[in-house]
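Some notes on the structure that comes next.
The values are calculated or read from the model by the stated rules, or taken from the named source; none is laboratory data. Everything quoted here is computed from the prediction, not taken from an experiment. Here the Cβ positions follow ideal geometry from the backbone for every residue, glycine too, while neighbour counts run over all protein chains shown.
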Amino acid sequence: MPLRLDDHSLSGKLLIAMPGMRDPRFARSVIFLCAHNPEGAMGLVLNKIAGSIGFKELMKQLGIETDGLAEHRLVHFGGPVEPSRGFVLHTTDRMEESSMAVDDDIALTSTTDILKAIAIGAGPSRAMLALGCASWGPGQLDSELQQNAWLHAEADVELVFDRDLDAKWERAIAKIGIRLEMLSAEAGHA
């Protein structure tokens, strides 16, 4: 098993694509890591929209009435893995039986119970629906971190759930005190 950079899980942290990220699915992406352990990692892209479907249309397909309460919500591109599966990242003020607390403030639910609560205005105070997820096999993310493909930073509720998707990448980088012009677009080692 490859050595982890710091022997600590990055669950509940932000993963920020370096400027030289060549995979267009992850270029300029900010990912909230829901799980990171020796078996692998899983997270949701926070700053990309799923272009194929809107929230109202998705709720209609699932047979969930929104009564106009949640129609303004966005459907995010959570990542390329399981693109037809929905994940709801939300604050822990509303938990379902199937919800998994990632940290004290943020949880993940992948059942329709949370969507039904959101649709009637009884959901968590902050939530994001994503189709698909980003995932890594054992040691894969750690290897990508060692190759300087990603930065990581502390997450906070405001940045995770902020609807200003265009500025999220720059804000996440600024959060760790790095000036964008100081980052090289080329990954490598000294």
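Listed here are the residues, each with its yes/no results for (1) out of contact with any helix residue (DSSP H, G or I) (no Cβ under 9 Å at 6 or more places or on another chain); (2) of a type in the set (A, V, I, L, M); (3) over 19 Å from Gly78 (Cα atoms).
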site: Leu141; (1), (2), (3): yes, yes, no
site: Asn148; (1), (2), (3): yes, no, yes
site: Ala153; (1), (2), (3): no, yes, no
site: Glu158; (1), (2), (3): yes, no, no
site: Phe161; (1), (2), (3): yes, no, no
site: Asp164; (1), (2), (3): no, no, no
site: Lys168; (1), (2), (3): no, no, no
site: Ala172; (1), (2), (3): no, yes, no
site: Gly177; (1), (2), (3): yes, no, yes
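Any chance you could count how many residues in region 98-120 are touching a residue at least 40 places away in the same chain (Cβ under 8 Å), in a loop (DSSP other than H, G, I, E, B) and surrounded by fewer than 20 Cβ atoms within 10 Å (Cβ to Cβ)?
At the first step, the residues of region 98-120 found to be touching a residue at least 40 places away in the same chain (Cβ under 8 Å) are 100, 102-103, 105-106, 108, 112, 115-116, 118-120.
Imposing the further condition that a residue be in a loop (DSSP other than H, G, I, E, B) reduces the set to 102-103, 105, 120.
Add one more test, that the residue is surrounded by fewer than 20 Cβ atoms within 10 Å (Cβ to Cβ), and what stays is 103, 105, 120.
Number of matching residues: 3.
Among what's in region 140-171 and is in a loop (DSSP other than H, G, I, E, B) and touching a strand residue (DSSP E or B) at 6+ places or on another chain (Cβ under 8 Å), pick the residue that is nearest to Val102 (Cα to Cα). So that I can check it myself, show each step before the final result.
Narrowing region 140-171 to residues in a loop (DSSP other than H, G, I, E, B): 147-149, 155-156, 162-164.
Applying the additional criterion that residues be touching a strand residue (DSSP E or B) at 6+ places or on another chain (Cβ under 8 Å) yields 149, 155.
Numbers: Ala149: 24, Ala155: 11 Å.
The qualifying residue nearest to Val102 (Cα to Cα) is Ala155.
Would you point out the residue of region 41-56, among those that are modelled with pLDDT under 85 and part of a loop (DSSP other than H, G, I, E, B), that is surrounded by the fewest Cβ atoms within 10 Å (Cβ to Cβ)?
Gly51
Can you name the residue in region 64-116 that is in contact with a Pro (Cβ under 6 Å, 6 or more places away or on another chain) and of a type outside the set (Asp, Glu) and, of all such residues, is farthest from Leu131 (Cα to Cα)?
We begin by selecting, within region 64-116, every residue in contact with a Pro (Cβ under 6 Å, 6 or more places away or on another chain); these are 90-91, 93-94.
Then keep just the ones that are of a type outside the set (Asp, Glu); that gives 90-91, 94.
On the way: His90: 14, Thr91: 18, Arg94: 21 Å.
Filtering region 64-116 for residues that are in contact with a Pro (Cβ under 6 Å, 6 or more places away or on another chain) and of a type outside the set (Asp, Glu), the one farthest from Leu131 (Cα to Cα) comes out as Arg94.
What is the one condition in (1) part of a loop (DSSP other than H, G, I, E, B); (2) more than 22 Å from Lys168 (Cα to Cα); (3) in contact (Cβ under 8 Å) with a residue 40 or more places away in the chain; (4) touching an Asp or Glu at 6+ places or on another chain (Cβ under 9 Å) that Met59 does not satisfy?
With (1) part of a loop (DSSP other than H, G, I, E, B); (2) more than 22 Å from Lys168 (Cα to Cα); (3) in contact (Cβ under 8 Å) with a residue 40 or more places away in the chain; (4) touching an Asp or Glu at 6+ places or on another chain (Cβ under 9 Å) applied to Met59, the lone miss is (1).
For region 154-167, what are the residues that are within 13 Å of the chain's Cα centre (by Cα) and small (Gly, Ala, Ser)?
Ala155
Scanning region 69-106 for residues that are among the small types (Gly, Ala, Ser) and closer than 18 Å to Arg163 by Cα, which turns out modelled with the lowest pLDDT?
Step one: filter region 69-106 for residues among the small types (Gly, Ala, Ser), giving 70, 78-79, 84, 86, 98-99, 101.
If we keep only those that are closer than 18 Å to Arg163 by Cα as well, we get 70, 78-79.
Numbers: Ala70: 60, Gly78: 97, Gly79: 97.
Result: Ala70.
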